[in-house]
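The values are calculated or read from the model by the stated rules, or taken from the named source; none is laboratory data. This one's a predicted model, so the numbers in the text were calculated from it and none came from an experiment. Positions of Cβ are backbone-derived with ideal geometry, glycine not excepted, and every protein chain shown enters the neighbour counts. Side chains are part of the model used for accessible areas, which takes the heavy atoms of the whole protein and leaves out ligands, DNA and RNA. Shrake-Rupley method; radii C 1.70, N 1.55, O 1.52, S 1.80 Å.
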Amino acid sequence: MNSPLVSQHTLTEFLDEFNRYAATKLTGDELVSLQRLAKKYFNYYPLEELVGRRLSDVFGSLYQWWQFIQLHDPQSPKVRLFNPSLAEDGWVCPHTALVVLQKDMPFLVDSIRIELNRRNIAIYTIKSTVLNLVRDANHQLVELIDGENGQAVQHHTGEKSKAALIVMEISMHSDQQELASIAQSLHSILTEVECVVDDYQSMRAAALETEQNLNFANEALVAADIQQTKAFMHWLTEDKFTFLGYAAYEFKEVNGKKILYEIPSQRLGVFTLRESADADSLALESFNEGMARFHLVPQVITFSKSSTRARVHRYAYSDYVIVKRFNAQGEVIGEVRFLGLYTSTVYLMSPTNIPLISTKVGKVFARSGLDESGHDGKNLRQLLETFPRNELFLSSSTELYETLMGIAQINERSMVRLFMRRDPFGKFINFIIYVPRDYFSTKVRLAIQELIGNAIGSHESEFTTYFSESILARVYLVFKVDSAVPVQVDVATLQAGIVNITRSWDDYFHTALMEVHGEELSARLLREYRDAFSAAYQEQYDAPTAVQDIHSINELFNGDVSGGAKNISLSMYHARANEQGAFVQFKIFHRDTTLALSDVIPVLENLGFRVVSESTYDINTHSGQQFWLHDVKLAHQFSSNIDLPTLKDNFITPFAAI
């Protein structure tokens, strides 16, 4: 007998339908337990996605999840990817099923989804359910606790725990090696998540300890930074930073050289998963530009980006916050590095409310000399409020000032501008691009990324776009580069390339008119013909050709020998420059109506030509006049090579006369 289909949208009615079906398959405690799981699992489930599916498949899947949670050591994740079959699993699914059981903690679903998206695996359904469980000493399930209050129903003895049951249906994968690879990656990622969550409070405490250590800093040396840096470190701990890792370093003298050594025992978060337990070390003379500048100038904090994307919470290049460490005498004895991601609230905050950044913004304003209440000052303030947050953290005051002044000079004009900043640590090159919003699209953005990527030899990048009421759209591109390979960037050449990418056919048309007719006449012609040429015409012909066609159209107004307006205007050309052979293109311009091909073809054949193809385009001017263009490809019946200048003299006049 065919299985009934799910027909109910509301939770109560759906559970009644499900429970009635389950009662035909199970009895006793097993039925009660499954019904309890169903109540939890299908709460907040998008039930409309189940309508029309067989109840046997919905029941079979949940029953399999029930069996899946029976045995689990909460200290490690349990992951399974498989393709359900009726013979082995008792239910079928058009997709591959992914089920994960893990000790409940933040970031689980986000981190799993990151890995699947990285592999370009489509996700069709996703459901995460937190279960309150009681297990015995052998990790066997004793009871599923009902309700959110955590009260056991049968009061079994055992260890209570919270677990996240995550179920996804993903695009079908039948290759067992690929399924094993995905499962292995997810195990690794879930281990990272657990390390981050377990050490989160310790990393937060390390940030607060770093704040206190700054009290030892030499006030005369770094007085300007100390209080702001202390405020910033405290600010980070107020849910402004998702701590992913922590590492501490100390300076040692070895053979007369000052070397920065890591302290492996102090690793926290993802750094505890480093394969080597040996300390990283780097001589002072081998520091890159960013590290050298940090330790040679009187500043106590710097910012950088990791060259590896985070696999926890958000798939982005992680942020480094690096702070000097001091001894009781105020001497620099090392540094600490916090790896993490700024939380979403940071990207929405005003820069004036972020310690250190507010000081940097103040320096920009002071250097600009602008009145904050004036027009230009308000414009600069708006630019700062919407500026990419990464650039506010990573740019120096000078870099920020120069970039913002350049942007302000655009002054809401329709133009392309490119701004570049190199990462002093050698890991990235950052670009901010402004383009006219009307011309911006995903296709344009991809073309810009390809242009820049080819120029700097990098094709690993991330982007963000920003739109406002401005006539310009902004693209922020971050390219990862090899710090060992010097990259020369010609900003002017790249900007010119972006101009070409973003120029529309209308832009080229305006330029072509200017080149032929000068400013005054081209302005009149542009008003008349700006919207005259259809998309099909623009796809086929470039802008200079349109200018030539306007010349042919204007010949219709010059009159014939009797003084009346001409009926047709003609032109002849090779479709490709320097084209040789027996083919030629013949254009016929006509007012108001099209010409009947049955009238035209016999004339052309009588003159020794065979019609290969014909295309027709309408041209509608601003003043309401309509013209028709017939573009005919001709092959000469008697000659294998056509002398175009001679043919024009011997062909166009006879054709017009006929």
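Odds and ends about this structure:
- The slack between Glu460 and Lys162, meaning 0.36 nm per residue of separation minus the straight C-alpha distance, is 103.4 nm.
- As an equivalent ellipsoid, region 77-121 spans semi-axes of 24, 15, 7 angstrom, where each value is the square root of five times an eigenvalue of the C-alpha gyration tensor, largest first.
- Computed from the C-beta positions of Glu399 and Leu526, the FRET efficiency with R₀ = 45 Å rounds to 0.65.
- Three principal axis extents describe the C-alpha atoms of region 67-181; from largest down they are 44, 34, 23 Å.
- Three principal axis extents describe the C-alpha atoms of region 473-542; from largest down they are 56, 27, 23 Å.
- Dipole of the chain, positive end: most advanced residue of Ile259, Phe589, Asn379 [Cβ charges, Cα centre]: Ile259
- Using a Förster distance of 25 Å, the FRET efficiency for Glu614-Lys443 (Cβ separation, nearest 0.05): 0.20
- Gain in span if fully extended, Thr237 to Ala292, counting 0.36 nm per residue against the direct Cα distance: 17.0 nm
- When you restrict to C-alpha pairs under 8 Å that are six or more residues apart and normalise by the size of region 256-371, the relative contact order lands at 14 percent.
- Taking each DSSP H run with n ≥ 4 as -39500 (n - 2.57) and averaging over every residue of the chain yields -12500 deg cm²/dmol at 222 nm.
- Carbon/sulfur fraction of accessible area - region 454-576, other protein chains in place, 1.4 Å, %: 50 percent
- In the assembled protein chains, Lys480 presents an accessible area of approximately 60 Å² (probe radius 1.4 Å).
- Residue-normalised accessible area of the chain, given per residue in Å² at a 1.4 Å probe: 49 Å²
- Within the shell defined by Cβ-Cβ distances under 14 Å, the residues around Glu169 carry a net charge of +1, with Lys and Arg each +1 and Asp and Glu each -1.
- With q set to 0.10, 0.11, 0.15, 0.24 Å⁻¹, the log10 of I(q)/I(0) for region 212-320, from the Debye formula over equal scatterers at the Cα positions, is -0.36, -0.44, -0.86, -1.50.
- For Lys378, the aspartates and glutamates whose Cα comes closer than 18 Å to its Cα, not counting residues fewer than 8 places off in the same chain, are Glu402, Glu412, Glu469.
- Fraction of the pair-distance distribution of region 379-429 above 14 Å, Cα-Cα pairs, percent: 56 percent
- Within the assembled protein chains, the solvent-accessible surface assigned to Ile471 is about 70 Å², based on a 1.4 Å probe.
- Counting only heavy atoms of the protein chains and using a 1.4 Å probe, Ile114 has close to 20 Å² of accessible surface.
- Of the cross-linked pairs Lys162/Lys240; Lys240/Lys363; Lys162/Lys305; Lys305/Lys360, those separated by over 30 Å at the C-alpha level are Lys162/Lys305.
- Taking 10 °C and 1.306 mPa s as conditions, region 176-235 diffuses translationally at an estimated 110 µm²/s according to Stokes-Einstein applied to its Kirkwood radius (Cα pairs).
- Exposed loop sites are taken as GluC sites (Glu not before Pro) in a DSSP loop (any state but H, G, I, E or B) with at most 14 other beta carbon atoms within 10 Å; the longest stretch of the chain without one runs 1-147.
- Simple label model, 7 Å out from Cα along Cβ direction - Ser483 to Ser128, nm: 3.3 nm
- Charge dipole magnitude, Cβ of K and R +1, D and E -1 - region 427-472, Cα centre, debye nearest 20: 40 debye
- Normalised Debye scattering of the chain at q = 0.06, 0.09, 0.10 Å⁻¹ gives log10 I(q)/I(0) of -0.59, -0.97, -1.04, counting only Cα atoms as equal scatterers and leaving out solvent.
- Computed about its Cα centre, the charge dipole of the chain is approximately 800 debye, with only Lys, Arg, Asp and Glu carrying charge at their Cβ.
- Theoretical gain in end-to-end length, Lys25 to Glu385 [0.36 nm per residue, Cα-Cα removed]: 123.5 nm
- For region 1-86, the residue among Asn43, Leu15, Gln70 whose Cα projects farthest onto the positive side of the dipole built from Cβ charges is Gln70.
- Computed over region 1-139, the quotient of the alpha carbon radius of gyration and 2.2 N^0.38 Å is 1.09.
- Legend: residue pairs Lys103/Lys127; Lys587/Lys633; Lys103/Lys160; Lys230/Lys427; Lys39/Lys78, Cα-Cα distance threshold 20 Å; pairs beyond threshold, Lys230/Lys427; Lys39/Lys78.
- Each Lys and Arg adds +1 at its Cβ and each Asp and Glu adds -1 at its Cβ; summed about the Cα centre, region 344-488 shows a dipole of about 60 debye.
- Placing unit charges on the Cβ atoms of the charged side chains and taking the dipole of region 413-562 about its Cα centre, the candidate lying farthest along the positive direction among Ala535, Phe419, Thr493 is Phe419.
- FRET efficiency for Arg113 and Val603, using Cβ-Cβ distance with R0 set to 60 Å, rounded to 0.05: 0.35
- Backbone N within region 467-495 under 14 Å of label point (7 Å from Ser504 Cα along the Cβ vector): 471-473
- Three principal axis lengths of region 405-554 [C-alpha, angstrom, descending]: 62, 30, 25
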